[in-house]
Structures are given as C-alpha cells and as structure tokens.
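Step one of this worksheet: look at the structure below.
Read the figures in this text as sums done on the coordinates, not as results from a lab. Just so it is clear, the structure is predicted and the values come from calculations on it, not from any experiment. Please note: Cβ atoms are built from the backbone with ideal geometry, for glycine as well, and neighbour counts cover all protein chains shown.
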Amino acid sequence: MLGLSSRKSPTVAVIMGGPSAEREVSLSTGHECAAALREAGYQVVEVDAGPDLYVRLSETSPDVVFNALHGRWGEDGCVQGLLEWMGLPYTHSGVLASALAMDKQKTKDIYRAEGLPVVHSLLARRDDVRRAHVMAPPYVVKPNNEGSSVGVYLVQDAASAPPDLSDDMPEQVMVEAFAPGRELTVTVMGDKALTVTDILTDGWYDYDAKYTLGGSRHVVPADIPADIFDACMDYALRAHRVLGCRGLSRTDFRWDEARGLDGLILLETNTQPGMTPTSLSPEQAKVIGISFPDLCRWMVEDASCNR
C-alpha cells in the first residue's frame, strides 16, 4: 500500500494499448480509468505502451503505474517484470501470478491442486486440431494465453469435421470439453469477493458480446440458488489466493443448473479485468456501493512493487 492519499497530487501513469490482440479493449479501459483518476484528484499521464515504454516511463517518472493493458505482454508478467526492474509501484497482480493466470492450462492445474472444479482440457498443436478431433465433441478451442474470448472456436456435438482454425491462431492451442450452462463471474477486490453476475446473451459469449453495447445483459446480483452463489464467491476468492493475485481479479464460471453444485466449474481467472463502460468488475463494485473513481483510487492506493 502506497498511502498516496496523504500526498499532494500524485502522478499516475496509465499504460494502455500495447501490441496484443486486445489492444482496442485496453485503450478503452485506459481512457476510462484515466478520466476516473483525474476525477479522483490525481495527475494523470496516458501512455500507449510500445517498445519505448521504459523511456516513456523514465521521462514521466510517475509515483505509480496503473496497468490498463490486456492480453500478452501487459497481462502475462512481462510488463510487471519491467516495472519491478524500474522500481515503479504498479496495480494488479505481480509477475508470477500474472504469468500463471495468463496460461490457461497451468491455471487449471493449480485449480485442480486446490480442489476447485474444472473440465478436462489438453494442449495440442494447431495442425493436429485441424486434422482430426483430438477430443470427442462438443469442445472448445482457444489460445492458451489470450483473453477476452479472442480466437475461440466452439465445436458442436454433431460436428463431423474438426475446426478450420485460422492461420493467426498460435502453434499450440488449448482444447477443453464444452461446459454447458449459464455464464457467471465474480470479482475479487483485495481479499473480498464482491458479488456474482449472471451474464445473459443470445448466443456465444464472444468478443463482440463482451465489448459491444447491448451484446450481453448482466443480472447482478445473480438470481441463482444461495448454495451456488456462495460457492462462486468462495471459489473465486480461493482462486485469487492460490494463484497469488493482488488488487483486482475476476474469475469466470459455467453453471449447468440441471446438475446443481456438481454443474459449477471454473473457466479462468483474469488478473486485469476490463474497465470499460460494459465491463463486469466496475458494475459489481457499483452494486455494492463503490463508484468507478473510488474503485480506481483504491487500485492506485493498493499499488506496490514486490507483488
């Protein structure tokens, strides 16, 4: 904790954009957070993260870095390592937790060791997945280290042919058994699970559904049985802790209500949840009485090195 509230007009560098597949979402997150931090009374410098990030931050010399990057390089431990090297306090999770959570298969391994429920999954070569089913349908194919439902393929139960993966998919992909049911999510703020959101869409909860106004509808708090609600809150907090997350995280679930508690499984934990107008974590914070500027202020106050 920085204790910045006692300092006069601290300077916060909001790093955003970057070269990942989630660049546009990151820019939206960064601009929204920068505006909220200015409203909260901070001096803010917006930095589009590129190869000169070290130079830009050295010139700016901020009191703290608000990491608004999404996807590879910004969310997988790389930029966290740079900030540790520079001795700049920063928001969200540190190097190890960021790297672990960004690797979906390693995350599942850690979930299993913690006794958290997950579906069967495996890593396979892109060409092998194109050639033949590597798992009995229905299943999902996705990059092992991207977020925001980037590059997700749903192979239906009746599919006779394997998916025709695009050439921009990585050489190694994750294949996981399809988990039917409702999409639920829980944000953890510090060491507290906030609430549960039930995400309603007309189809697959893909990139467009996540980031297009009207692409999804959110019921928050979720209207679900108390045992499922409590399990989501408990599982999200346990996932946050076992991965070593700091600051804000969000864990996503699928729930097959026909199977009760046995139908609840964890999908993944996001160490840097989206902070756009349609994002889930700011919405959850608002429902429990935390405004967007106050949420951003808390994240700055929570910033540190050695995370």
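Among the GluC sites (Glu not before Pro) in the stretch 110-188, which ones are in a DSSP loop with at most 12 other Cβ atoms within 10 Å of the Cβ? Mind listing them?
Filter output for the stretch 110-188: 171.
Charges at C-beta only: +1 for Lys and Arg, -1 for Asp and Glu. How large is the resulting dipole of the stretch 121-177 about its Cα centre, in Debye rounded to 20?
120 debye
Percentage of Cα-Cα pair distances in the stretch 121-177 greater than 16 Å, rounded to whole percent?
Of the Cα pairs, 31 percent sit more than 16 Å apart.
So for 220, 129, fewest C-beta neighbours within 10 Å to most, what's the order?
220, 129
GNM on the chain, C-alpha springs below 10 Å: top fluctuator among 191, 227, 168?
Looking only at 191, 227, 168, the largest GNM fluctuation is found for 168.
Just the number, please: percent antiparallel of the DSSP beta bridges in the chain, rounded to the nearest 5.
75 percent
Taking a cut-off of 14 Å between Cα atoms, list the aspartates and glutamates near residue 286, but don't count ones fewer than 8 places away on the same chain.
Here the aspartates and glutamates satisfying the reach criterion relative to residue 286 are 294.
Net charge near residue 96: determine it from the other residues with C-beta under 15 Å of the C-beta of residue 96, scoring Lys and Arg +1 and Asp and Glu -1.
Net charge in that neighbourhood comes out at -1.
How high is the FRET efficiency from residue 305 to residue 48, r the C-beta distance, R0 25 Å, rounded to 0.05?
FRET efficiency, residue 305 to residue 48: 0.60.
Could you size up the charge dipole of the chain around its Cα centre, putting +1 on the beta carbon of Lys and Arg and -1 on that of Asp and Glu, and report it in debye to the nearest 20?
560 debye
Given points 7 Å out from each Cα along the Cα-Cβ axis, report the residue 39 to residue 61 separation in nanometres with one decimal.
3.1 nm
Quick one: if you stick a label point 7 Å off each Cα along the C-beta vector at residue 191 and residue 177, how many nm between them?
In this crude label model, residue 191 to residue 177 measures out at 3.6 nm.
If you build a Gaussian network model of the chain, linking Cα atoms that sit under 10 Å apart, which residue out of 246, 217, 259 swings the most?
Largest GNM mean-square fluctuation: 259.
Return the distance in nm (one decimal) between the two label points of a simple spin-label model at residue 24 and residue 230, each offset 7 Å from Cα along Cα→Cβ.
4.3 nm
Could you calculate the FRET efficiency of residue 262 with residue 294 from 1/(1 + (r/R0)^6), where r is the beta carbon distance between them and R0 is 51 Å, rounded to 0.05?
0.85
At a Cα cut-off below 12 Å, give the aspartates and glutamates reachable from residue 142, other chains included and same-chain residues fewer than 8 away excluded.
Of all the aspartates and glutamates, those that pass the test against residue 142 - Cα under 12 Å, at least 8 places apart if same chain - are 103, 168, 171, 176, 206.
Normalized C-alpha radius of gyration of the stretch 1-113, against 2.2 N^0.38 Å?
The reported ratio for this selection is 1.10.
Taking the Cα centre of each part, how many Å lie between the stretch 64-112 and the stretch 221-289?
Centre-to-centre (Cα) distance: 19 Å.
About the Cα centre of the stretch 1-109, how large is the charge dipole given +1 on each Lys and Arg Cβ and -1 on each Asp and Glu Cβ? Please answer in debye to the nearest 20.
Charge dipole of the stretch 1-109: 220 debye, to the nearest 20.
Compute a Gaussian network model of the chain, connecting alpha carbons closer than 10 Å, and tell me which residue from 94, 274, 50 fluctuates the most.
For the chain, modelled as a Gaussian network with Cα springs under 10 Å, the answer is 50.
With r defined as the distance between the Cβ atoms of residue 114 and residue 166 and R0 fixed at 30 Å, what FRET efficiency is calculated, to the nearest 0.05?
For residue 114 and residue 166, the calculated efficiency is 0.30.
On alpha-carbon atoms, Rg over Rh for the chain using Kirkwood Rh?
0.97
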